[in-house]
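Following: one structure in structure tokens, then a few remarks.
The values are calculated or read from the model by the stated rules, or taken from the named source; none is laboratory data. What you see is a predicted model; the values in this text were computed from it and never measured. Note that we place each Cβ from the backbone using ideal geometry, even for glycine, and neighbour counts take in every protein chain shown.
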Amino acid sequence: MSSAVPEVWTVKSIMDWTIHYLNEKNIESARTNVEWLLCHTLGCKRMDLYVNYDRPLDQNERDEFKASLKRRLLAEPLQYIVGHTDFMGLTFHVNRNVLIPRPDTELLVERVLDLCGKSENIKSLRILDIGTGSGAIIISLAYYLKKHGFELQATAVDISQNALVVAQENANKILPDTHIQWQHCDIFDSSSIESLKHRFDIIVSNPPYISDKEYALLDKEIRDYEPNTALRAEDNGLAFYRKIGHIAADILDPSSPFGYIALEVGFDQADAVAQILHSTGYTYQQRYKDIQNYERVLIGKK
């Protein structure tokens, strides 16, 4: 295919030229990249690109597309460039202050929803999300539990105020009529623990779990753009699991019929995290595998 510059830049010509250019640069999923960036530029859906193949782009649109393409060539994630990503069938705003929600984490949400659905006589729940980031976990739980008639008292904490701004923006857009308590704090500080003491039925968390060694091997678009505080953890990636296990008994309501800790874990961490929970009294455990057959979700109860 020729990479000659066309006289008129239409949707088709700019797609063809840019896909060819990205393939020459060995950029994976070239067509997907171009579709995302062009849809963002034109404010349209993917199908619209193919329905309006002959639509010309004006100078402002070409300049905006070019600026987005330059960002992508520097390995900035597509989700940050376009400002959103899909998770659990919902669209979440994201920027560099929050980790990009991933399909692996949908498994955590789905398993917690299943857990709640098994208790037919209980329709009121109190859930704490530790390290909420974009709010994807707690907002998704609130959205679907509400659909199934649950009354939810949801609380989400994060040490990053900038992350909480993003989370609240997502909640206002997705659940404008649902109250979620957002708390800026270090959850492991004694004063924070006291304020949350014995208030919850379920703790849910996708904590940082990447070891320093693994972090150095991550793709550039993760390592250079996503917040390392949401990724890295000491103690070979296990530090936050130990901390959560240590404080869980103080936060969960001892009279609750639930009393669960639900965690996402690294692909090779299930055994180590299970041991941590077991050592803190959470001896009843369930593990769930992702589509690649890795144990990625661990749920514990005393």
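Side notes on the structure shown:
- For the stretch 212-248, the set of residues classified as exposed (fewer than 15 other Cβ atoms within 10 Å of the Cβ) and hydrophobic (A, V, I, L, M, F, W, C) consists of ALA216, LEU217, listed by residue number.
- Of all the listed residues (ARG62, ARG96, ARG102), the sole one being surrounded by fewer than 16 Cβ atoms within 10 Å (Cβ to Cβ) and touching an Asp or Glu at 6+ places or on another chain (Cβ under 8 Å) is ARG96.
- Residues located in the stretch 250-298, provided they are in contact with a Gly (Cβ under 7 Å, 6 or more places away or on another chain) and of a type in the set (A, V, I, L, M, F, W, C): LEU252, ILE261, ILE276, LEU277
- Hey, ILE299 in contact (Cβ under 8 Å) with a residue 12 or more places away in the chain, touching a strand residue (DSSP E or B) at 6+ places or on another chain (Cβ under 6 Å) and aliphatic (A, V, I, L, M) or not: yes
- Scanning the stretch 195-207 for residues that are outside any loop (DSSP other than H, G, I, E, B) and at pLDDT 95 or above returns PHE200, ILE202, ILE203, VAL204, SER205.
- Residues satisfying the stated conditions in the stretch 28-39, i.e. of a type outside the set (Asp, Glu) and buried (at least 16 other Cβ atoms within 10 Å of the Cβ): ALA30, ASN33, VAL34, TRP36, LEU37, LEU38, CYS39
- Elements of type helices (runs of 4 or more DSSP H) in the stretch 56-143, at least 2 residues being modelled with pLDDT under 95: 103-117
- Scanning the stretch 250-267 for residues that are surrounded by fewer than 16 Cβ atoms within 10 Å (Cβ to Cβ) and more than 16 Å from ASN206 (Cβ to Cβ) turns up ASP250, ASP253, PRO254, SER255, PRO257.
- Filtering the stretch 40-51 to residues that are exposed (fewer than 14 other Cβ atoms within 10 Å of the Cβ) and outside any helix (DSSP H, G or I) leaves GLY43, LYS45.
Quick grid of which residues meet (1) more than 26 Å from the chain's Cα centre (by Cα); (2) of a type in the set (Val, Ile, Thr):
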| position | (1), (2) |
| --- | --- |
| TRP36 | no, no |
| LEU49 | yes, no |
| ASN52 | yes, no |
| GLU76 | no, no |
| PHE87 | no, no |
| THR91 | no, yes |
| LEU99 | no, no |
| ARG102 | no, no |
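- Among the residues of the stretch 1-39, the ones that are part of a loop (DSSP other than H, G, I, E, B) and under 20 Å from HIS84 (Cβ atoms) come to 1 in all.
- Wholly within the stretch 208-302, strands (runs of 3 or more DSSP E) carrying at least 3 residues that are touching a Phe, Trp or Tyr at 6+ places or on another chain (Cβ under 9 Å), in the same structural domain as SER134 (by TED's automatic domain parsing) and within 25 Å of LEU113 (Cβ to Cβ): 260-264, 295-301
- For the stretch 144-182, the set of residues classified as touching a residue at least 40 places away in the same chain (Cβ under 8 Å) and part of a helix (DSSP H, G or I) consists of TYR144, ASN162, ALA163, VAL165, VAL166, ALA167, GLU169, ASN170, LYS173, ILE174, listed by residue number.
Per-residue answers, yes or no, for (1) surrounded by fewer than 18 Cβ atoms within 10 Å (Cβ to Cβ); (2) on the phi > 0 side of the Ramachandran plot; (3) within 15 Å of the chain's Cα centre (by Cα):
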| site | (1), (2), (3) |
| --- | --- |
| VAL112 | no, no, no |
| SER124 | yes, no, no |
| THR132 | no, no, yes |
| ALA136 | no, no, yes |
| GLY149 | yes, yes, no |
| LYS173 | yes, no, no |
| ASP177 | yes, no, no |
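- Filter result (closer than 21 Å to GLN153 by Cα and small (Gly, Ala, Ser)) within the stretch 84-132: GLY117, SER119, SER124, GLY131
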